[in-house]
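**Student:** Input: one structure, supplied below.
The values are calculated or read from the model by the stated rules, or taken from the named source; none is laboratory data. This one's a predicted model, so the numbers in the text were calculated from it and none came from an experiment. Here Cβ is always computed from backbone atoms with ideal geometry, including for glycine, and neighbour counts include all displayed protein chains.
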Amino acid sequence: MHIPKQFEEVRVNVMYELIRAYPLATLVTHSSIGLNANHIPLHLSESPSPYGALRGHIARANPLLGEIADGIETLAIFHGPDSYITPSWYATKKETGKVVPTWNYAVVHAYGFLRVVDNASWLRAQLEALTDHNEAFFPEPWAVSDAPPEYVEKIMAAIVGVEMVITKLLGKWKASQNQSTQNQMGVVSGLKESGFPESEAMATLVEAGAKNAR
């Protein structure tokens, strides 16, 4: 991933926040016919150090299960907020006209070596951790134990755990850091008024980036 210096995010805690807020990962692996991508929600654990581990599960019927091998690197991509940025929001549009559209986004790339965990106790703990994290915002959170035990056992028999200890984290926050303060404020205002999905979240990132640059 190409990361110009002004868009580089190196704070591990900030990257953790994005992973937790957007846990559906694009998991890129090598297969017998080339690169393969699966979309899997992964739960972040901050241990082991320095970057922690990502844990999830896949169906036993998923061909990925037969492609996981020792020593082959895997890439998990987490996509945060993104927004189209129109030049009409820039103050310099009226001043010089030298502006073009762009796309703002925040992403985290996590690298590591994927392994299969075919252990019922581990899998149950992973299911509960992933569920509890995603149910925390609901007024009446659902728990794995709410389902009949025999039903949970049947579901668990059809899946297998996967884990990737993270060896490298890359973060890219493209949030108008390369624009003047006037243009950044124009972007924030435009995003908040647009009502597009993710626009409020991106406005917050642009505001944060402008504040850190001062």
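Conditions (1) on the phi > 0 side of the Ramachandran plot; (2) among the hydroxyl-bearing types (S, T, Y); (3) at pLDDT below 95, marked per residue:
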| site | (1), (2), (3) |
| --- | --- |
| V14 | no, no, no |
| I19 | no, no, no |
| L27 | no, no, no |
| S32 | no, yes, yes |
| G71 | yes, no, yes |
| W89 | no, no, no |
| G97 | yes, no, yes |
| A106 | no, no, no |
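**Student:** Determine which member of the set A21, A25 is within 20 Å of Y105 (Cα to Cα), touching a residue at least 40 places away in the same chain (Cβ under 8 Å), out of contact with any Cys (no Cβ under 9 Å at 6 or more places or on another chain) and exposed (fewer than 15 other Cβ atoms within 10 Å of the Cβ).
**Tutor:** Among A21, A25, only A21 is within 20 Å of Y105 (Cα to Cα), touching a residue at least 40 places away in the same chain (Cβ under 8 Å), out of contact with any Cys (no Cβ under 9 Å at 6 or more places or on another chain) and exposed (fewer than 15 other Cβ atoms within 10 Å of the Cβ).
**Student:** Separate question: Checking L44 against (1) touching a helix residue (DSSP H, G or I) at 6+ places or on another chain (Cβ under 8 Å); (2) part of a loop (DSSP other than H, G, I, E, B), which test does it fail?
**Tutor:** Exception for L44: condition (2).
Residue-wise test of (1) touching a Ser or Thr at 6+ places or on another chain (Cβ under 8 Å); (2) loosely packed, with under 12 Cβ neighbours inside 10 Å; (3) not in a loop (DSSP other than H, G, I, E, B).
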position	(1), (2), (3)
T29	yes, no, yes
H39	yes, yes, yes
P50	no, yes, no
G56	no, no, yes
I68	yes, no, no
I77	yes, no, yes
D82	no, no, yes
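**Student:** Filter region 186-195 down to the residues that are closer than 13 Å to A210 by Cβ, under 26 Å from the mean Cα position of the chain (by Cα) and not β-branched (V, I, T) and list them by number.
**Tutor:** Looking only at region 186-195, we keep the residues that are closer than 13 Å to A210 by Cβ, and these are 186-189, 191.
Among the residues that remain, those that are also under 26 Å from the mean Cα position of the chain (by Cα) are: 187-189, 191.
Residues satisfying the conditions are S189, L191.
**Student:** Just wondering, is there one or more residues in region 92-112 that are surrounded by fewer than 18 Cβ atoms within 10 Å (Cβ to Cβ), among the aromatic types (F, W, Y) and more than 23 Å from the chain's Cα centre (by Cα)?
**Tutor:** Looking for residues that are surrounded by fewer than 18 Cβ atoms within 10 Å (Cβ to Cβ), among the aromatic types (F, W, Y) and more than 23 Å from the chain's Cα centre (by Cα), one finds none in region 92-112, hence no.
**Student:** Search region 167-187 for residues being of a type in the set (V, I, T) and surrounded by fewer than 19 Cβ atoms within 10 Å (Cβ to Cβ), and hand back the single one that is farthest from H79 (Cα to Cα). Spell out how you get there, then give the answer.
**Tutor:** The first filter runs over region 167-187 and keeps only residues of a type in the set (V, I, T), leaving 167, 181, 187.
Checking the rest, the ones that are also surrounded by fewer than 19 Cβ atoms within 10 Å (Cβ to Cβ) come to 167, 181.
Details: T167: 19, T181: 26 Å.
Restricting to residues being of a type in the set (V, I, T) and surrounded by fewer than 19 Cβ atoms within 10 Å (Cβ to Cβ), the top hit is T181.
**Student:** Tally the residues that are among the polar types (S, T, N, Q) and modelled with pLDDT of 95 or more, restricting the search to region 190-214.
**Tutor:** Qualifying residue count, region 190-214: 0.
**Student:** Mind listing whichever residues of region 144-160 are out of contact with any Asp or Glu (no Cβ under 7 Å at 6 or more places or on another chain), outside any helix (DSSP H, G or I) and surrounded by 11 or more Cβ atoms within 10 Å (Cβ to Cβ)?
**Tutor:** Residues satisfying the conditions are A147, I159.
**Student:** Listed residues E198, E207, E163; which is within 26 Å of P4 (Cβ to Cβ), charged (D, E, K, R) and within 17 Å of the chain's Cα centre (by Cα)? I'd like the intermediate steps shown before the answer.
**Tutor:** Working: E207 fails: within 17 Å of the chain's Cα centre (by Cα); E163 fails: within 26 Å of P4 (Cβ to Cβ).
Exactly one residue qualifies, and that residue is E198.
**Student:** Among all residue pairs at least 6 apart or on different chains, which show Cβ distances below 7 Å where the first residue, located in region 71-84, is closer than 14 Å to L191 by Cβ and touching a residue at least 24 places away in the same chain (Cβ under 8 Å) and the second is assigned to a strand (DSSP E or B) and among the aliphatic types (A, V, I, L, M)?
**Tutor:** P81/A106
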